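Quick notes on the structure that follows.
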Amino acid sequence: MESKKFLLQEREIPQAWYNIIPDMASKPLPLIHPATKQPLTAEDLYPIFSKAASQQELNTTDRWIEIPGEVREMYRIWRPTPLVRATGLEKLLDTPAHIYFKNESVSPVGSHKLNSAIAQAYYCKQEGVTNITTETGAGQWGAALSLAAKHFGLELAVYMVKISFNQKPYRRSIMQTYGAEVISSPSMSTKAGRKIITNQPNYQGSLGTAISEAVELAMSTPNCKYVLGSVLNHVALHQTVIGLEAEKQMEMAGEYPDVVVACFGGGSNFSGLAFPFLRHKLNGDHAATRFVAAEPASCPKLTRGIFQYDFGDEAGYTPLIPMFTLGHNFQPANIHAGGLRYHGGGAIISQLKHDNLIEAVDIQQLDSFKAATIFARSEGIIPAPESSHAIAATINEALKCKVAGESKTILFNLSGHGLIDMTAYDRYFANDLANHEVTAQEIAQSTKDLEKIL
Ligand SMILES: *Cc1c(COP(=O)(O)O)cnc(C)c1O
(Lines give C-alpha, C1' and ligand atoms only; values in the text may rest on other atoms or scores of the structure.)
Protein backbone atom coordinates (compact mmCIF):
# COMPACT_ATOMS: atom_id res chain seq x y z
CA MET A 1 0.00 0.00 0.00
CA GLU A 2 1.95 2.95 -1.28
CA SER A 3 -0.86 5.28 -2.22
CA LYS A 4 -0.08 8.94 -2.56
CA LYS A 5 -2.02 11.66 -0.70
CA PHE A 6 -2.72 15.21 -1.82
CA LEU A 7 -3.35 17.50 1.13
CA LEU A 8 -4.59 21.09 1.30
CA GLN A 9 -3.97 23.64 4.06
CA GLU A 10 -6.79 24.62 6.45
CA ARG A 11 -6.98 28.06 4.89
CA GLU A 12 -7.88 26.35 1.60
CA ILE A 13 -11.22 25.11 2.96
CA PRO A 14 -13.63 26.73 0.46
CA GLN A 15 -15.06 30.16 1.39
CA ALA A 16 -18.26 29.61 -0.60
CA TRP A 17 -20.47 26.73 -1.72
CA TYR A 18 -21.11 26.32 -5.45
CA ASN A 19 -24.69 26.57 -6.74
CA ILE A 20 -24.86 24.85 -10.12
CA ILE A 21 -28.29 26.15 -11.19
CA PRO A 22 -27.06 29.49 -12.65
CA ASP A 23 -24.75 27.48 -14.95
CA MET A 24 -27.47 25.10 -16.20
CA ALA A 25 -28.84 26.03 -19.64
CA SER A 26 -31.85 23.84 -18.98
CA LYS A 27 -32.94 24.68 -15.41
CA PRO A 28 -34.45 22.18 -13.00
CA LEU A 29 -38.24 22.31 -12.97
CA PRO A 30 -39.74 24.11 -9.96
CA LEU A 31 -40.90 22.38 -6.80
CA ILE A 32 -44.71 22.43 -6.76
CA HIS A 33 -47.12 23.06 -3.90
CA PRO A 34 -49.21 19.87 -3.62
CA ALA A 35 -52.44 21.76 -2.84
CA THR A 36 -52.30 24.75 -5.21
CA LYS A 37 -50.16 23.04 -7.91
CA GLN A 38 -48.27 26.34 -8.21
CA PRO A 39 -44.46 26.69 -8.08
CA LEU A 40 -43.34 26.90 -4.50
CA THR A 41 -42.09 30.10 -2.85
CA ALA A 42 -39.51 30.20 -0.06
CA GLU A 43 -42.33 31.30 2.31
CA ASP A 44 -44.16 28.03 1.58
CA LEU A 45 -41.15 26.17 2.99
CA TYR A 46 -40.70 28.26 6.16
CA PRO A 47 -43.08 26.12 8.31
CA ILE A 48 -40.87 23.08 7.67
CA PHE A 49 -37.28 24.25 7.07
CA SER A 50 -35.08 27.06 8.33
CA LYS A 51 -35.49 30.28 6.35
CA ALA A 52 -31.90 30.17 5.12
CA ALA A 53 -32.29 26.60 3.83
CA SER A 54 -35.63 27.52 2.21
CA GLN A 55 -34.03 30.45 0.38
CA GLN A 56 -31.03 28.39 -0.71
CA GLU A 57 -33.43 25.73 -1.98
CA LEU A 58 -34.98 28.16 -4.45
CA ASN A 59 -31.89 30.21 -5.29
CA THR A 60 -31.38 30.02 -9.05
CA THR A 61 -29.22 33.14 -9.44
CA ASP A 62 -26.25 33.17 -7.03
CA ARG A 63 -23.45 30.95 -8.26
CA TRP A 64 -21.46 31.25 -5.01
CA ILE A 65 -23.00 31.28 -1.53
CA GLU A 66 -20.72 32.27 1.32
CA ILE A 67 -20.04 29.65 3.98
CA PRO A 68 -20.71 31.23 7.41
CA GLY A 69 -17.61 31.63 9.60
CA GLU A 70 -18.91 29.33 12.35
CA VAL A 71 -19.58 26.59 9.81
CA ARG A 72 -16.07 26.88 8.34
CA GLU A 73 -14.72 26.82 11.89
CA MET A 74 -16.47 23.46 12.46
CA TYR A 75 -15.28 22.16 9.07
CA ARG A 76 -11.73 22.63 10.37
CA ILE A 77 -12.19 19.64 12.70
CA TRP A 78 -11.65 17.30 9.71
CA ARG A 79 -11.46 19.38 6.51
CA PRO A 80 -9.82 19.68 4.06
CA THR A 81 -10.12 15.92 3.49
CA PRO A 82 -7.38 14.00 1.65
CA LEU A 83 -7.40 13.15 -2.03
CA VAL A 84 -5.64 9.82 -2.56
CA ARG A 85 -4.16 8.20 -5.65
CA ALA A 86 -5.21 4.55 -5.26
CA THR A 87 -2.04 3.00 -6.65
CA GLY A 88 -2.62 -0.17 -4.60
CA LEU A 89 -5.96 -0.70 -6.30
CA GLU A 90 -4.50 0.18 -9.72
CA LYS A 91 -1.81 -2.48 -9.28
CA LEU A 92 -4.20 -5.12 -8.05
CA LEU A 93 -6.47 -4.51 -11.06
CA ASP A 94 -3.45 -4.27 -13.36
CA THR A 95 -5.12 -1.34 -15.10
CA PRO A 96 -3.52 1.56 -16.99
CA ALA A 97 -6.21 3.83 -15.46
CA HIS A 98 -5.22 6.36 -12.80
CA ILE A 99 -7.63 6.04 -9.89
CA TYR A 100 -8.12 8.78 -7.30
CA PHE A 101 -10.53 9.00 -4.40
CA LYS A 102 -11.67 11.84 -2.19
CA ASN A 103 -11.74 10.53 1.36
CA GLU A 104 -14.84 11.85 3.13
CA SER A 105 -14.70 8.97 5.62
CA VAL A 106 -12.31 10.95 7.84
CA SER A 107 -15.06 13.06 9.40
CA PRO A 108 -15.73 12.39 13.12
CA VAL A 109 -18.91 10.47 12.22
CA GLY A 110 -17.29 8.65 9.30
CA SER A 111 -19.13 10.13 6.32
CA HIS A 112 -19.70 13.19 4.13
CA LYS A 113 -23.06 13.88 5.84
CA LEU A 114 -21.54 16.27 8.37
CA ASN A 115 -20.88 18.88 5.62
CA SER A 116 -24.59 19.70 5.43
CA ALA A 117 -25.59 18.76 9.00
CA ILE A 118 -23.41 21.53 10.42
CA ALA A 119 -24.72 24.12 7.99
CA GLN A 120 -28.37 23.28 8.60
CA ALA A 121 -28.03 23.13 12.40
CA TYR A 122 -26.21 26.48 12.30
CA TYR A 123 -29.04 28.18 10.38
CA CYS A 124 -31.68 26.74 12.74
CA LYS A 125 -29.75 28.07 15.74
CA GLN A 126 -29.36 31.51 14.10
CA GLU A 127 -33.11 31.68 13.59
CA GLY A 128 -33.97 30.86 17.21
CA VAL A 129 -35.16 27.30 16.60
CA THR A 130 -34.84 25.05 19.68
CA ASN A 131 -35.78 21.57 18.36
CA ILE A 132 -35.07 19.75 15.15
CA THR A 133 -36.24 16.45 13.69
CA THR A 134 -34.95 14.22 10.94
CA GLU A 135 -34.96 10.73 9.46
CA THR A 136 -32.04 8.38 9.07
CA GLY A 137 -31.54 5.16 7.11
CA ALA A 138 -28.30 3.42 7.99
CA GLY A 139 -27.78 6.06 10.66
CA GLN A 140 -25.06 8.12 8.98
CA TRP A 141 -27.17 11.23 8.60
CA GLY A 142 -28.64 10.88 12.08
CA ALA A 143 -25.15 10.54 13.55
CA ALA A 144 -23.92 13.63 11.70
CA LEU A 145 -26.91 15.72 12.72
CA SER A 146 -26.64 14.54 16.33
CA LEU A 147 -23.11 15.93 16.52
CA ALA A 148 -24.14 19.18 14.81
CA ALA A 149 -27.24 19.62 17.01
CA LYS A 150 -25.20 19.12 20.18
CA HIS A 151 -22.63 21.67 19.03
CA PHE A 152 -25.27 24.33 18.42
CA GLY A 153 -27.35 23.46 21.50
CA LEU A 154 -30.41 22.06 19.68
CA GLU A 155 -32.62 19.15 20.82
CA LEU A 156 -32.84 16.47 18.13
CA ALA A 157 -35.34 13.63 17.53
CA VAL A 158 -34.29 11.10 14.85
CA TYR A 159 -36.66 8.65 13.15
CA MET A 160 -34.48 5.71 12.23
CA VAL A 161 -35.64 3.17 9.62
CA LYS A 162 -36.66 0.09 11.63
CA ILE A 163 -34.47 -2.41 9.77
CA SER A 164 -31.37 -0.30 10.49
CA PHE A 165 -32.48 0.42 14.06
CA ASN A 166 -32.24 -3.33 14.62
CA GLN A 167 -29.36 -4.17 12.23
CA LYS A 168 -27.09 -1.23 13.14
CA PRO A 169 -27.32 -0.75 16.90
CA TYR A 170 -23.98 1.06 17.04
CA ARG A 171 -25.15 3.96 14.88
CA ARG A 172 -28.04 4.30 17.30
CA SER A 173 -25.53 4.38 20.18
CA ILE A 174 -23.51 7.03 18.37
CA MET A 175 -26.57 9.27 18.09
CA GLN A 176 -27.40 8.67 21.75
CA THR A 177 -23.80 9.43 22.72
CA TYR A 178 -24.19 12.87 21.13
CA GLY A 179 -27.46 13.29 23.05
CA ALA A 180 -30.14 12.71 20.39
CA GLU A 181 -33.42 10.85 20.89
CA VAL A 182 -33.73 7.92 18.45
CA ILE A 183 -37.12 6.44 17.48
CA SER A 184 -37.60 3.31 15.36
CA SER A 185 -39.72 4.10 12.27
CA PRO A 186 -42.53 3.35 11.55
CA SER A 187 -43.53 4.33 15.09
CA MET A 188 -46.79 4.81 16.93
CA SER A 189 -45.87 8.44 17.70
CA THR A 190 -47.16 9.91 14.43
CA LYS A 191 -50.24 9.59 12.24
CA ALA A 192 -48.10 8.52 9.28
CA GLY A 193 -46.40 5.83 11.38
CA ARG A 194 -49.62 4.50 12.91
CA LYS A 195 -51.24 4.23 9.50
CA ILE A 196 -48.47 2.13 8.00
CA ILE A 197 -48.13 -0.11 11.09
CA THR A 198 -51.88 -0.74 10.99
CA ASN A 199 -51.73 -1.77 7.33
CA GLN A 200 -48.45 -3.72 7.55
CA PRO A 201 -47.48 -4.67 11.11
CA ASN A 202 -44.16 -6.20 9.98
CA TYR A 203 -43.06 -3.37 7.71
CA GLN A 204 -39.31 -2.81 8.17
CA GLY A 205 -39.50 0.89 7.37
CA SER A 206 -38.08 3.05 4.61
CA LEU A 207 -36.54 6.49 4.33
CA GLY A 208 -39.81 7.72 2.79
CA THR A 209 -41.79 6.68 5.88
CA ALA A 210 -39.23 8.05 8.31
CA ILE A 211 -39.29 11.42 6.49
CA SER A 212 -43.08 11.54 6.83
CA GLU A 213 -42.82 10.97 10.57
CA ALA A 214 -40.12 13.61 11.07
CA VAL A 215 -41.96 16.21 8.95
CA GLU A 216 -45.20 15.53 10.84
CA LEU A 217 -43.47 16.03 14.20
CA ALA A 218 -41.86 19.28 12.99
CA MET A 219 -45.16 20.64 11.70
CA SER A 220 -46.99 19.81 14.93
CA THR A 221 -44.33 21.05 17.39
CA PRO A 222 -43.73 24.75 18.11
CA ASN A 223 -40.24 26.10 17.38
CA CYS A 224 -39.25 22.86 15.72
CA LYS A 225 -37.83 22.49 12.20
CA TYR A 226 -37.21 19.53 9.99
CA VAL A 227 -33.75 18.92 8.54
CA LEU A 228 -33.15 16.68 5.51
CA GLY A 229 -29.90 14.87 4.74
CA SER A 230 -30.09 14.48 0.96
CA VAL A 231 -32.21 15.02 -2.19
CA LEU A 232 -32.85 18.76 -1.84
CA ASN A 233 -30.92 21.49 -3.64
CA HIS A 234 -29.57 23.12 -0.48
CA VAL A 235 -28.13 19.81 0.75
CA ALA A 236 -26.36 19.28 -2.58
CA LEU A 237 -25.10 22.87 -2.28
CA HIS A 238 -23.48 22.29 1.13
CA GLN A 239 -21.78 19.14 -0.14
CA THR A 240 -19.92 20.99 -2.91
CA VAL A 241 -17.01 21.56 -0.51
CA ILE A 242 -16.05 17.99 -1.53
CA GLY A 243 -15.64 18.75 -5.24
CA LEU A 244 -14.19 22.24 -4.73
CA GLU A 245 -11.38 20.79 -2.63
CA ALA A 246 -10.94 17.84 -5.00
CA GLU A 247 -10.57 20.23 -7.94
CA LYS A 248 -7.56 21.90 -6.30
CA GLN A 249 -6.11 18.54 -5.29
CA MET A 250 -6.42 17.10 -8.81
CA GLU A 251 -4.49 20.18 -9.96
CA MET A 252 -1.76 19.34 -7.43
CA ALA A 253 -1.70 15.85 -8.93
CA GLY A 254 -1.40 17.40 -12.38
CA GLU A 255 -4.50 15.62 -13.73
CA TYR A 256 -8.14 16.26 -14.58
CA PRO A 257 -10.71 13.47 -14.26
CA ASP A 258 -12.11 11.77 -17.38
CA VAL A 259 -14.67 9.97 -15.23
CA VAL A 260 -16.18 11.16 -11.93
CA VAL A 261 -18.00 8.50 -9.90
CA ALA A 262 -20.07 8.55 -6.72
CA CYS A 263 -22.71 6.33 -5.20
CA PHE A 264 -26.28 7.52 -5.32
CA GLY A 265 -28.92 7.48 -2.59
CA GLY A 266 -30.67 10.83 -2.90
CA GLY A 267 -27.73 12.49 -4.61
CA SER A 268 -25.91 14.56 -1.98
CA ASN A 269 -22.42 13.03 -2.18
CA PHE A 270 -22.67 12.62 -5.94
CA SER A 271 -23.65 16.28 -6.34
CA GLY A 272 -20.98 17.36 -3.89
CA LEU A 273 -18.15 15.74 -5.81
CA ALA A 274 -19.53 16.15 -9.33
CA PHE A 275 -20.99 19.67 -9.55
CA PRO A 276 -17.74 21.65 -9.24
CA PHE A 277 -16.28 19.56 -12.11
CA LEU A 278 -19.53 19.59 -14.07
CA ARG A 279 -19.49 23.39 -14.04
CA HIS A 280 -16.56 23.31 -16.48
CA LYS A 281 -18.45 20.98 -18.80
CA LEU A 282 -21.53 23.23 -18.66
CA ASN A 283 -19.29 26.16 -19.56
CA GLY A 284 -17.73 24.34 -22.53
CA ASP A 285 -14.47 23.05 -20.99
CA HIS A 286 -13.52 19.42 -20.43
CA ALA A 287 -16.54 18.41 -22.50
CA ALA A 288 -15.51 14.74 -22.57
CA THR A 289 -15.55 14.19 -18.79
CA ARG A 290 -18.25 11.69 -17.80
CA PHE A 291 -20.21 11.71 -14.55
CA VAL A 292 -21.42 8.34 -13.28
CA ALA A 293 -23.92 7.82 -10.44
CA ALA A 294 -23.78 4.29 -8.98
CA GLU A 295 -27.07 3.14 -7.53
CA PRO A 296 -28.17 -0.23 -6.11
CA ALA A 297 -29.89 -2.60 -8.54
CA SER A 298 -32.58 -3.05 -5.88
CA CYS A 299 -33.46 0.67 -5.89
CA PRO A 300 -32.77 1.80 -9.50
CA LYS A 301 -34.45 5.21 -9.75
CA LEU A 302 -32.03 6.85 -12.19
CA THR A 303 -31.57 3.81 -14.43
CA ARG A 304 -35.15 2.51 -14.43
CA GLY A 305 -37.43 5.07 -12.74
CA ILE A 306 -39.68 7.54 -14.53
CA PHE A 307 -39.16 11.33 -14.77
CA GLN A 308 -42.23 12.78 -13.10
CA TYR A 309 -43.36 14.93 -10.16
CA ASP A 310 -43.46 12.91 -6.96
CA PHE A 311 -43.43 13.36 -3.20
CA GLY A 312 -40.17 13.11 -1.29
CA ASP A 313 -41.82 10.99 1.41
CA GLU A 314 -44.20 8.11 1.64
CA ALA A 315 -47.18 9.89 3.26
CA GLY A 316 -47.07 12.79 0.77
CA TYR A 317 -46.30 15.69 3.17
CA THR A 318 -43.46 17.21 1.13
CA PRO A 319 -43.68 19.47 -1.93
CA LEU A 320 -43.90 17.74 -5.29
CA ILE A 321 -40.37 17.34 -6.62
CA PRO A 322 -39.54 16.80 -10.32
CA MET A 323 -37.54 13.59 -10.05
CA PHE A 324 -36.50 10.31 -11.52
CA THR A 325 -38.57 8.16 -9.20
CA LEU A 326 -39.73 4.63 -8.48
CA GLY A 327 -42.82 6.08 -6.78
CA HIS A 328 -42.97 7.35 -3.19
CA ASN A 329 -44.60 4.07 -2.07
CA PHE A 330 -41.83 1.90 -3.57
CA GLN A 331 -40.50 -0.48 -0.93
CA PRO A 332 -36.85 -1.28 -1.62
CA ALA A 333 -35.38 -4.64 -0.62
CA ASN A 334 -33.53 -4.75 2.69
CA ILE A 335 -30.02 -4.31 1.31
CA HIS A 336 -27.21 -3.33 3.66
CA ALA A 337 -26.48 -0.04 1.91
CA GLY A 338 -29.30 1.58 3.91
CA GLY A 339 -28.33 5.06 2.74
CA LEU A 340 -29.16 4.13 -0.87
CA ARG A 341 -32.68 2.84 -0.17
CA TYR A 342 -34.49 5.95 -1.39
CA HIS A 343 -37.07 6.11 -4.15
CA GLY A 344 -36.00 9.25 -6.05
CA GLY A 345 -33.22 11.61 -7.12
CA GLY A 346 -33.25 15.38 -6.48
CA ALA A 347 -34.56 18.03 -8.92
CA ILE A 348 -31.14 19.17 -10.19
CA ILE A 349 -29.77 15.65 -10.65
CA SER A 350 -32.94 14.51 -12.37
CA GLN A 351 -32.77 17.38 -14.86
CA LEU A 352 -29.08 16.68 -15.55
CA LYS A 353 -29.89 13.02 -16.11
CA HIS A 354 -32.81 13.93 -18.35
CA ASP A 355 -30.46 16.12 -20.41
CA ASN A 356 -27.85 13.31 -20.58
CA LEU A 357 -25.23 15.39 -18.78
CA ILE A 358 -24.76 12.63 -16.22
CA GLU A 359 -25.03 8.83 -16.44
CA ALA A 360 -26.19 6.17 -14.02
CA VAL A 361 -25.28 2.52 -13.53
CA ASP A 362 -26.82 -0.05 -11.21
CA ILE A 363 -24.74 -2.32 -9.00
CA GLN A 364 -25.75 -5.63 -7.45
CA GLN A 365 -25.31 -6.05 -3.69
CA LEU A 366 -22.83 -8.94 -4.03
CA ASP A 367 -20.72 -6.98 -6.53
CA SER A 368 -20.62 -4.03 -4.13
CA PHE A 369 -19.25 -6.23 -1.32
CA LYS A 370 -16.74 -7.87 -3.65
CA ALA A 371 -15.51 -4.40 -4.64
CA ALA A 372 -15.40 -3.35 -0.98
CA THR A 373 -13.18 -6.32 -0.14
CA ILE A 374 -10.84 -5.62 -3.08
CA PHE A 375 -10.57 -1.98 -1.98
CA ALA A 376 -9.96 -2.79 1.69
CA ARG A 377 -7.22 -5.27 0.77
CA SER A 378 -5.46 -2.90 -1.63
CA GLU A 379 -6.01 0.51 0.01
CA GLY A 380 -6.44 -0.40 3.68
CA ILE A 381 -9.76 1.37 4.24
CA ILE A 382 -12.97 -0.59 4.86
CA PRO A 383 -15.63 1.31 2.89
CA ALA A 384 -19.26 1.89 3.81
CA PRO A 385 -21.62 -0.44 1.90
CA GLU A 386 -23.00 2.68 0.15
CA SER A 387 -19.55 3.86 -0.98
CA SER A 388 -18.81 0.34 -2.19
CA HIS A 389 -21.25 0.93 -5.04
CA ALA A 390 -19.00 3.76 -6.27
CA ILE A 391 -15.98 1.49 -5.90
CA ALA A 392 -17.67 -1.27 -7.94
CA ALA A 393 -18.50 1.23 -10.70
CA THR A 394 -14.92 2.56 -10.59
CA ILE A 395 -13.49 -0.94 -10.88
CA ASN A 396 -15.74 -1.57 -13.90
CA GLU A 397 -14.43 1.61 -15.55
CA ALA A 398 -10.83 0.70 -14.73
CA LEU A 399 -11.26 -2.79 -16.20
CA LYS A 400 -12.72 -1.27 -19.39
CA CYS A 401 -9.52 0.80 -19.64
CA LYS A 402 -7.48 -2.38 -19.26
CA VAL A 403 -9.35 -4.11 -22.09
CA ALA A 404 -9.06 -1.03 -24.33
CA GLY A 405 -5.43 -0.41 -23.34
CA GLU A 406 -6.43 3.15 -22.53
CA SER A 407 -5.23 5.25 -19.60
CA LYS A 408 -8.06 7.29 -18.15
CA THR A 409 -8.19 9.28 -14.94
CA ILE A 410 -11.01 8.16 -12.68
CA LEU A 411 -12.04 10.06 -9.55
CA PHE A 412 -14.51 8.61 -7.07
CA ASN A 413 -15.91 9.68 -3.75
CA LEU A 414 -15.30 7.52 -0.70
CA SER A 415 -18.43 8.83 1.03
CA GLY A 416 -17.85 6.92 4.26
CA HIS A 417 -16.08 4.08 6.06
CA GLY A 418 -17.74 0.80 6.99
CA LEU A 419 -16.33 0.13 10.45
CA ILE A 420 -19.82 0.26 11.94
CA ASP A 421 -21.20 -1.96 9.17
CA MET A 422 -19.26 -5.12 9.95
CA THR A 423 -22.47 -7.13 10.48
CA ALA A 424 -23.06 -6.68 6.77
CA TYR A 425 -19.52 -7.85 5.97
CA ASP A 426 -20.01 -10.86 8.28
CA ARG A 427 -23.09 -11.84 6.34
CA TYR A 428 -21.24 -11.40 3.05
CA PHE A 429 -18.44 -13.72 4.18
CA ALA A 430 -21.03 -16.22 5.44
CA ASN A 431 -22.64 -16.26 1.94
CA ASP A 432 -25.75 -14.97 3.58
CA LEU A 433 -26.35 -11.97 1.29
CA ALA A 434 -28.34 -11.99 -1.93
CA ASN A 435 -28.82 -9.85 -5.02
CA HIS A 436 -32.24 -8.29 -5.48
CA GLU A 437 -33.75 -7.72 -8.89
CA VAL A 438 -36.68 -5.33 -9.25
CA THR A 439 -39.15 -6.46 -11.91
CA ALA A 440 -40.61 -4.13 -14.54
CA GLN A 441 -44.06 -4.95 -13.14
CA GLU A 442 -43.06 -3.78 -9.67
CA ILE A 443 -41.89 -0.45 -11.08
CA ALA A 444 -44.99 -0.08 -13.23
CA GLN A 445 -47.10 -0.80 -10.14
CA SER A 446 -45.32 1.65 -7.80
CA THR A 447 -45.34 4.49 -10.36
CA LYS A 448 -48.80 4.02 -11.84
CA ASP A 449 -50.63 6.35 -9.45
CA LEU A 450 -48.25 9.31 -9.78
CA GLU A 451 -50.01 12.43 -10.93
CA LYS A 452 -49.07 13.17 -14.53
CA ILE A 453 -47.83 16.75 -14.29
CA LEU A 454 -45.03 16.54 -16.87
C1 LIG B 1 -26.19 8.66 3.17
C2 LIG B 1 -25.01 8.09 2.52
C3 LIG B 1 -24.97 7.93 1.13
C4 LIG B 1 -26.12 8.19 0.22
O5 LIG B 1 -26.66 9.46 0.24
P6 LIG B 1 -26.41 10.53 -0.90
O7 LIG B 1 -27.29 11.66 -0.51
O8 LIG B 1 -26.82 9.92 -2.20
O9 LIG B 1 -24.98 10.87 -0.87
C10 LIG B 1 -23.79 7.46 0.58
N11 LIG B 1 -22.72 7.12 1.34
C12 LIG B 1 -22.75 7.26 2.66
C13 LIG B 1 -21.54 6.86 3.45
C14 LIG B 1 -23.89 7.75 3.31
O15 LIG B 1 -23.89 7.89 4.63
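The values are calculated or read from the model by the stated rules, or taken from the named source; none is laboratory data. Here the structure is a predicted model, which is why all the values come from computation and not from measurement. Cβ placement follows ideal geometry from the backbone for every residue including glycine, while neighbour counts extend to all protein chains displayed.
When the residues of region 86-109 are filtered to those that are closer than 17 Å to Leu399 by Cβ and part of a helix (DSSP H, G or I), the one that is farthest from the ligand (Cβ to nearest atom) is Lys91.
On the given criteria, is Ala376 modelled with pLDDT of 95 or more, in a helix (DSSP H, G or I) and surrounded by 23 or more Cβ atoms within 10 Å (Cβ to Cβ)? Considered against the rule, which asks whether it is modelled with pLDDT of 95 or more, in a helix (DSSP H, G or I) and surrounded by 23 or more Cβ atoms within 10 Å (Cβ to Cβ), Ala376 comes out as no.
Among the residues of region 190-213, which ones are among the polar types (S, T, N, Q) and either outside any loop (DSSP other than H, G, I, E, B) or buried (at least 16 other Cβ atoms within 10 Å of the Cβ) (or both)? Walk me through it before giving the result.
If we filter region 190-213 for residues that are among the polar types (S, T, N, Q), which is where we start, we get 190, 198-200, 202, 204, 206, 209, 212.
Those that are among the polar types (S, T, N, Q) and either outside any loop (DSSP other than H, G, I, E, B) or buried (at least 16 other Cβ atoms within 10 Å of the Cβ) (or both): Thr190, Thr198, Asn199, Gln204, Ser206, Thr209, Ser212.
Any residue that is at pLDDT below 95, surrounded by fewer than 22 Cβ atoms within 10 Å (Cβ to Cβ) and either out of contact with any helix residue (DSSP H, G or I) (no Cβ under 6 Å at 6 or more places or on another chain) or over 20 Å from Ala293 (Cα atoms) (or both) - is there at least one of those in region 333-354? Yes - at least one qualifying residue is present in region 333-354.
So how many residues does region 421-441 have that are in a helix (DSSP H, G or I), among the charged types (D, E, K, R) and without any contact (Cβ under 8 Å) to a residue 24 or more places away in the chain? Reasoning before the result, please.
Step one: filter region 421-441 for residues in a helix (DSSP H, G or I), giving 422-429, 440-441.
Within this subset, residues satisfying the condition of being among the charged types (D, E, K, R) are 426-427.
Then keep just the ones that are without any contact (Cβ under 8 Å) to a residue 24 or more places away in the chain; that gives 426.
The total comes to 1.
Of the residues making up region 386-393, none is at pLDDT 95 or above, over 30 Å from Thr41 (Cβ atoms), more than 15 Å from the chain's Cα centre (by Cα) and among the charged types (D, E, K, R).
Out of the residues in region 114-134 that are within 16 Å of the ligand (Cβ to nearest atom) and in contact with a Leu (Cβ under 6 Å, 6 or more places away or on another chain), which is farthest from Ser415 (Cα to Cα)?
The first filter runs over region 114-134 and keeps only residues within 16 Å of the ligand (Cβ to nearest atom), leaving 114-120, 134.
When the remaining residues are screened for being in contact with a Leu (Cβ under 6 Å, 6 or more places away or on another chain), the result is 117, 134.
On the way: Ala117: 15, Thr134: 20 Å.
Looking at residues that are within 16 Å of the ligand (Cβ to nearest atom) and in contact with a Leu (Cβ under 6 Å, 6 or more places away or on another chain), I get Thr134.
Checking the conditions here, which among Glu251, Glu245 is within 20 Å of the chain's Cα centre (by Cα) and among the acidic types (Asp, Glu)? Within the list Glu251, Glu245, the selection yields Glu245.
Regarding Ile197, is this residue in contact with a Phe, Trp or Tyr (Cβ under 6 Å, 6 or more places away or on another chain), without any contact (Cβ under 8 Å) to a residue 60 or more places away in the chain and of a type in the set (Val, Ile, Thr)?
No: the conditions fail for Ile197.
The requirement of being under 22 Å from Ser111 (Cα atoms), surrounded by 12 or more Cβ atoms within 10 Å (Cβ to Cβ) and within 16 Å of the ligand (Cβ to nearest atom) is fulfilled somewhere in region 424-435, by at least one residue.
So Lys400 clears everything in (1) surrounded by fewer than 16 Cβ atoms within 10 Å (Cβ to Cβ); (2) within 23 Å of Phe324 (Cα to Cα) except one condition, right? Which one? Here Lys400 meets the rest and fails (2).
Somewhere in region 148-163, is a residue under 27 Å from Leu411 (Cα atoms), under 17 Å from the mean Cα position of the chain (by Cα) and within 16 Å of the ligand (Cβ to nearest atom)? Scanning region 148-163 turns up no residue that is under 27 Å from Leu411 (Cα atoms), under 17 Å from the mean Cα position of the chain (by Cα) and within 16 Å of the ligand (Cβ to nearest atom). For region 194-212, filtered to residues that are over 20 Å from Asp310 (Cα atoms) and polar (S, T, N, Q), the residue that is nearest to the chain's Cα centre (by Cα) is Gln204. Reported count of residues in region 230-259, each being within 12 Å of the ligand (Cβ to nearest atom) and either basic (Lys, Arg) or over 28 Å from Gly208 (Cα atoms) (or both), is 0.
Return the residues of region 372-393 that are away from the ligand (no atom under 14 Å from the Cβ) and β-branched (Val, Ile, Thr); say none if nothing qualifies.
The initial filter retains those residues of region 372-393 that are away from the ligand (no atom under 14 Å from the Cβ), namely 373-374, 376-380.
If the condition is that a residue be away from the ligand (no atom under 14 Å from the Cβ) and β-branched (Val, Ile, Thr), then Thr373, Ile374 are the ones that fit.
Kindly indicate which of Lys225, Lys248 is part of a helix (DSSP H, G or I), at pLDDT 95 or above and among the basic types (Lys, Arg). Result of the check over Lys225, Lys248: Lys248. Could you grab me the full set of residues in region 386-420 that are in a helix (DSSP H, G or I), closer than 20 Å to Gln364 by Cβ and not β-branched (Val, Ile, Thr)? If the condition is that a residue be in a helix (DSSP H, G or I), closer than 20 Å to Gln364 by Cβ and not β-branched (Val, Ile, Thr), then Glu386, Ser387, Ser388, His389, Ala390, Ala392, Ala393, Asn396, Glu397, Ala398, Leu399, Lys400 are the ones that fit. Scanning region 161-178 for residues that are in contact (Cβ under 8 Å) with a residue 60 or more places away in the chain and in a helix (DSSP H, G or I) yields a total of 6. Ala143 passes every criterion in (1) surrounded by 24 or more Cβ atoms within 10 Å (Cβ to Cβ); (2) touching a residue at least 40 places away in the same chain (Cβ under 8 Å) apart from (2).
The residue of region 135-147 that is farthest from the ligand (Cβ to nearest atom), among those that are among the small types (Gly, Ala, Ser) and either over 15 Å from the mean Cα position of the chain (by Cα) or not in a loop (DSSP other than H, G, I, E, B) (or both), is Ser146. Count of region 403-421 residues, restricted to those that are out of contact with any strand residue (DSSP E or B) (no Cβ under 9 Å at 6 or more places or on another chain), closer than 23 Å to Gly380 by Cα and modelled with pLDDT of 95 or more, is 1. Taking the condition hydrophobic (A, V, I, L, M, F, W, C), within 14 Å of Ser206 (Cβ to Cβ), crowded, with 24+ Cβ neighbours inside 10 Å and under 19 Å from the mean Cα position of the chain (by Cα), does Phe275 pass? When the stated conditions are applied, Phe275 does not pass them.
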